Amino acid sequence: MYYLSTRNKTLRKTLSEAIQSGLASDGGLFVPEYLPKINLQEFTPGLSYVEFSQKLLQYFFAEDSLDKKLLSFCQSAFNFPVPLKPVNNNTFILELFHGPTSSFKDFGARFLAECLNTLSEKQKTTIMVATSGDTGSAVASAFYEKPHINIIILYPDKQISARQEHQITCWDKNILALAVKGNFDDCQKLVKAAFSDPWWQKHVHLSSANSINIGRLLPQIIYYAYTSINFYEKYKISPGFIVPTGNLGNATAAYWAKAMGFPIREIVLSTNANKAIPDYINTGEFHPRKSIPTLANAMDVGNPSNFERLKYLFNHYEDFKNNVRAFSASDEDIKNTIKNIYQKYKIIICPHTATAFFAREQLPSDQPWIIAATADPSKFDSVIEPIITIKIPVSPQLEKLLNQPSRIVRVENSLEAIQKIMT
């Protein structure tokens, strides 16, 4: 299996090369040369999550040097539960936040850390990553004390929750977290610019751990595939998934799982007030714009990078429009949904998951839907507690991180300012 740039099908890399590069040399994102069509009979419901993961990822790792370590990567990365819980007769919630930093980003970050640490044994790698909230803490946790990796995390100063910031800034040793004077899109631009900047190319062996890196995206296919098969086995019907999305990495993984042949009826996306995708579906014109701060801050993305991958999969507007549905939730919608879901079901949800429940209200009630719950609500206590007027219990893994000392380092919005801190 080779990996191609979304901008040039003749630019081909092995999986290891694509993971190490992060971004293609022409600025495109790597995609598999084809999405394998799976034999559902091979994925029996009795498989453990780790066994299922190895079997699925084997399609993408075949003949690559990393293939022989695939099982150990899965064992190390996926050592926490992935529960599916009923909300009502036709709504279910897939809790993706039981990893060490209480967000779905733990799946991709931990798997990528295993891959990149192995690939960097001969040459140390520096990973620069932009985060609008949860990616930063997941990457810091996953790569902490990895001997062959240094990490630079860029996050927008004063635009993430206090608990999110603490999770990002409580690390030392090989982790450097920087609060950039700008928004998430500015952070993302800095990461992309570093890949073509002469100083960074000369002094640093650079890679990325954002969802632009194929090594982080591939493991996210697994929980959609695994859940759909087990759901189908139990209920004899294919579920739909509602996916909260900002940079479209998690969404792309869901569409790839469906394209591979797993029993997924359809996929619906939910966004906050950053409506680049809903607007594209409605008009056929993609207009990147400055991100708008919202209560669902990890989804505050005005120019989603993985739009290129979705557009590559559905390369004509009509094809895209026929396969991708999206609903946008305002901050008022998010607040009302958090309140209503708690009052009705006594379920506490984070602001990002609230956008998916808001989308669920717009969809048919006679079909089963699985909502991807992307973060533990206790990370957003300052938003949720005033709405439902109770104290949210803190998960043990989050409490452990919050007890660590943290250090905030602010930096101007330029590569030169980051270079000064490094040198």
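Miscellaneous remarks
- Given (1) open to solvent by 10 Å² or more (accessible area, probe 1.4 Å); (2) in contact with a Gly (Cβ under 9 Å, 6 or more places away or on another chain), index of the condition Q419 fails: (2)
- For the stretch 383-402, a residue qualifies if it is open to solvent by 60 Å² or more (accessible area, probe 1.4 Å) and either in contact with a strand residue (DSSP E or B) (Cβ under 7 Å, 6 or more places away or on another chain) or under 20 Å from T294 (Cβ atoms) (or both), and exactly one does: P386.
- Flag if K379 is basic (K, R) and in contact with a Phe, Trp or Tyr (Cβ under 9 Å, 6 or more places away or on another chain): yes
- Lone unmet requirement of (1) touching a Leu at 6+ places or on another chain (Cβ under 9 Å); (2) part of a strand (DSSP E or B); (3) closer than 18 Å to G22 by Cβ for L176: (1)
- Inspection of the stretch 284-303 identifies at least one residue that is farther than 21 Å from N250 by Cβ and more than 24 Å from the chain's Cα centre (by Cα).
- Those helices (runs of 4 or more DSSP H) lying entirely in the stretch 203-281 with at least 2 residues within 21 Å of K192 (Cα to Cα) and touching a helix residue (DSSP H, G or I) at 6+ places or on another chain (Cβ under 8 Å): 214-217, 249-259
- Residue pairs meeting the criteria (Cβ under 7 Å; at least 6 apart or on separate chains; first without any contact (Cβ under 8 Å) to a residue 24 or more places away in the chain and within 20 Å of V301 (Cβ to Cβ), in the stretch 331-357; second of a type in the set (S, T, N, Q) and open to solvent by 60 Å² or more (accessible area, probe 1.4 Å)): none
The rows are residues; the columns are (1) open to solvent by 10 Å² or more (accessible area, probe 1.4 Å); (2) farther than 26 Å from P351 by Cα; (3) out of contact with any Lys or Arg (no Cβ under 6 Å at 6 or more places or on another chain); (4) among the acidic types (D, E).
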residue: L218; (1), (2), (3), (4): no, no, yes, no
residue: I221; (1), (2), (3), (4): no, no, yes, no
residue: S228; (1), (2), (3), (4): no, no, yes, no
residue: P244; (1), (2), (3), (4): no, no, yes, no
residue: L248; (1), (2), (3), (4): no, no, yes, no
residue: A257; (1), (2), (3), (4): no, no, yes, no
residue: G261; (1), (2), (3), (4): yes, yes, no, no
residue: E266; (1), (2), (3), (4): yes, no, yes, yes
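- In the stretch 1-31, residue nearest to N117 (Cα to Cα) [restricted to those that are among the polar types (S, T, N, Q) and surrounded by 22 or more Cβ atoms within 10 Å (Cβ to Cβ)]: S5
- Of all the residues in the stretch 274-300, those that are under 16 Å from P244 (Cβ atoms), touching an Asp or Glu at 6+ places or on another chain (Cβ under 7 Å) and in contact (Cβ under 8 Å) with a residue 60 or more places away in the chain number 3.
- Selection count, the stretch 312-325, where residues are outside any loop (DSSP other than H, G, I, E, B) and within 23 Å of the chain's Cα centre (by Cα): 6
- Within this structure, K379 passes the test of being surrounded by 12 or more Cβ atoms within 10 Å (Cβ to Cβ) and basic (K, R).
- Among the residues of the stretch 268-299, those identified as closer than 22 Å to I93 by Cβ and either surrounded by 24 or more Cβ atoms within 10 Å (Cβ to Cβ) or of a type in the set (S, T, N, Q) (or both) are L269, S270, T271, N272, T294, L295, A296, N297, A298, M299.
- Within the stretch 39-53, the presence of a residue that is out of contact with any strand residue (DSSP E or B) (no Cβ under 7 Å at 6 or more places or on another chain) and at positive phi is excluded.
- On the stretch given as the stretch 106-140, residues that are touching an Asp or Glu at 6+ places or on another chain (Cβ under 7 Å) and either open to solvent by 10 Å² or more (accessible area, probe 1.4 Å) or outside any helix (DSSP H, G or I) (or both) total 1.
- No other residue among R289, R309 is among the basic types (K, R) and touching a Phe, Trp or Tyr at 6+ places or on another chain (Cβ under 9 Å) apart from R309.
- Candidate set: the stretch 149-168, residues that are modelled with pLDDT of 95 or more, open to solvent by 10 Å² or more (accessible area, probe 1.4 Å) and not acidic (D, E); chosen: the one nearest to S120 (Cα to Cα): N150
- Any hit, the stretch 326-345, residues being open to solvent by less than 20 Å² (accessible area, probe 1.4 Å), farther than 30 Å from P393 by Cα and assigned to a loop (DSSP other than H, G, I, E, B): no
The values are calculated or read from the model by the stated rules, or taken from the named source; none is laboratory data. If you're wondering where the values come from, they're calculated on a predicted model, not measured in any experiment. Cβ coordinates were reconstructed from backbone atoms using ideal geometry, including for glycine residues, and neighbour counts include every protein chain displayed. Heads up: the accessible areas ignore ligands, DNA and RNA and are worked out on the full protein's heavy atoms, side chains in. Shrake-Rupley method; radii C 1.70, N 1.55, O 1.52, S 1.80 Å.
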